[in-house]
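Encoded as structure tokens, the structure appears first; notes follow it.
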Amino acid sequence: MKQRLLNAGRIPPALEARLAEAYQLATLPGDCDRAAFLAAHGAEFTALVTSAAVGTDEALIAALPNLRVISNFGVGLDRVDVAAAQRRGIAVGYTPDVLNECVADAAIGLMLDVARGFSAADRFVRSGEWLKRQFPLMHKVSGARLGMVGMGRIGRAIADRAAGFRMDLRYHSRRPVGDVSWQHEPSLIELAKWADFLIVITAGGPQTRHLINASVLDALGPEGFLVNVARGSVIDEAALVQALVEKRITGAGLDVFDDEPHVPQQLMALDNVVLLPHIASCTRETRQAMADRVFDNLQSFFTEGRLVSAAPSP
């Protein structure tokens, strides 16, 4: 008999169809019908699939008394209550590694775009401004100083790419990473003072909320650039807007925002900011690999009693 699987997240239609073939799949209703649905059917489900954008809170986990496994579409776990799941012995799977390359590509792309002004130059040509004046001089990337906030799997992939630009690289994390050659900087403020570019690729969640604040931005300074491919919550967005408007930093490249998909209007009005709709991992190849990992985590759990990619303990 097929296991009962509850879909609580925004997952790709092809993955949903594949899961529907392998499991008895049901979709969690909207808020107005959710409590009644869970009261009537919550005990039926042994598995839950969700996404990094939606997550799974303790209340939903509690409403599923026979839940054995959660499979998350995404590497971000800040909206998944992993601790609550693990207290009940529920396995939590996610999709690391398969998206490293594309997120790293996006980080480098944002850095190049905001420094060289490629998106702004495109608007300059399309608007007819090139017929009237020259595009302003921008900033060199090759040989610049790159500060990395975080040095996990994706951070390493970004650092590898930065080596091709002959960038001098240092990183900040809670503790030094043992098997990398780049210099660890214990102070985030000192890293920001040193860097020309600051790329943020640390985990989200309460521990890193507003890690990049006004003090860090002031340390980065009027010649510095900020790139964020982590989580919107990591940056104090109001402080960032103010720093950009007042030109206390030169520019920013942002793939994520604090209240997605709502982006502050002040950011949209600035020409020294590149804005992406959270698409760092959005390639056909990577999203297929992520979908495969979600499916494989469930299959491996129910056939072998283990996950392909188990979430770390918080």
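Name the helices (runs of 4 or more DSSP H) wholly within region 51-126 that hold at least 1 residues that are in contact with a Lys or Arg (Cβ under 6 Å, 6 or more places away or on another chain)?
100-116
Within region 93-105, which residues are out of contact with any Ser or Thr (no Cβ under 8 Å at 6 or more places or on another chain) and surrounded by 19 or more Cβ atoms within 10 Å (Cβ to Cβ)?
ASN100, ALA104
Being under 16 Å from the mean Cα position of the chain (by Cα) and surrounded by fewer than 16 Cβ atoms within 10 Å (Cβ to Cβ) narrows it down to one residue among PRO277, PRO222, PRO312; which is it?
PRO277
Do you know which residues across region 267-314 are of a type in the set (Ser, Thr, Tyr) and farther than 16 Å from GLN3 by Cα?
Answer for region 267-314, where residues must be of a type in the set (Ser, Thr, Tyr) and farther than 16 Å from GLN3 by Cα: SER281, THR283, THR286, SER309, SER313.
Being farther than 24 Å from THR250 by Cα and surrounded by fewer than 15 Cβ atoms within 10 Å (Cβ to Cβ) is the filter; apply it to region 185-213 and report the residue that is farthest from the chain's Cα centre (by Cα).
Among residues in region 185-213 that are farther than 24 Å from THR250 by Cα and surrounded by fewer than 15 Cβ atoms within 10 Å (Cβ to Cβ), the one farthest from the chain's Cα centre (by Cα) is PRO186.
Please go through region 224-259 and give me each residue that is in contact (Cβ under 8 Å) with a residue 40 or more places away in the chain and charged (D, E, K, R), ordered by number.
Result: ARG231, ASP255.
Within region 15-50, take every residue that is buried (at least 18 other Cβ atoms within 10 Å of the Cβ) and over 20 Å from ASP81 (Cβ atoms) and give me the one that is nearest to the chain's Cα centre (by Cα).
Checked region 15-50; the qualifying residue nearest to the chain's Cα centre (by Cα) is LEU15.
Just one of (1) buried (at least 23 other Cβ atoms within 10 Å of the Cβ); (2) farther than 18 Å from VAL75 by Cβ; (3) among the polar types (S, T, N, Q) trips up ASN228, so point out which.
With respect to (1) buried (at least 23 other Cβ atoms within 10 Å of the Cβ); (2) farther than 18 Å from VAL75 by Cβ; (3) among the polar types (S, T, N, Q), ASN228 is out only on (2).
Answer yes or no as to whether MET138 is under 21 Å from LEU254 (Cα atoms) and buried (at least 19 other Cβ atoms within 10 Å of the Cβ).
Criteria not met by MET138.
Quick one: in region 127-155, of everything that is touching a residue at least 40 places away in the same chain (Cβ under 8 Å) and not in a loop (DSSP other than H, G, I, E, B), which residue is farthest from PHE225 (Cα to Cα)?
ARG153
For residues in region 280-305 being in contact with a helix residue (DSSP H, G or I) (Cβ under 7 Å, 6 or more places away or on another chain) and among the β-branched types (Val, Ile, Thr), which is nearest to PHE73 (Cα to Cα)? Working first, answer last.
Restricting attention to region 280-305, the residues satisfying the condition of being in contact with a helix residue (DSSP H, G or I) (Cβ under 7 Å, 6 or more places away or on another chain) are 280-281, 283, 286, 291, 294-295.
Next, from what is left, pick out any that are among the β-branched types (Val, Ile, Thr): 283, 286, 294.
On the way: THR283: 14, THR286: 12, VAL294: 6 Å.
Restricting to residues being in contact with a helix residue (DSSP H, G or I) (Cβ under 7 Å, 6 or more places away or on another chain) and among the β-branched types (Val, Ile, Thr), the top hit is VAL294.
Computed from the coordinates by the stated procedures, all read-outs in this text should not be read as laboratory data. Here the structure is a predicted model, which means the values were calculated and not measured. FYI the Cβ positions are ideal-geometry reconstructions off the backbone, even for glycines, and counts take in every protein chain you see.
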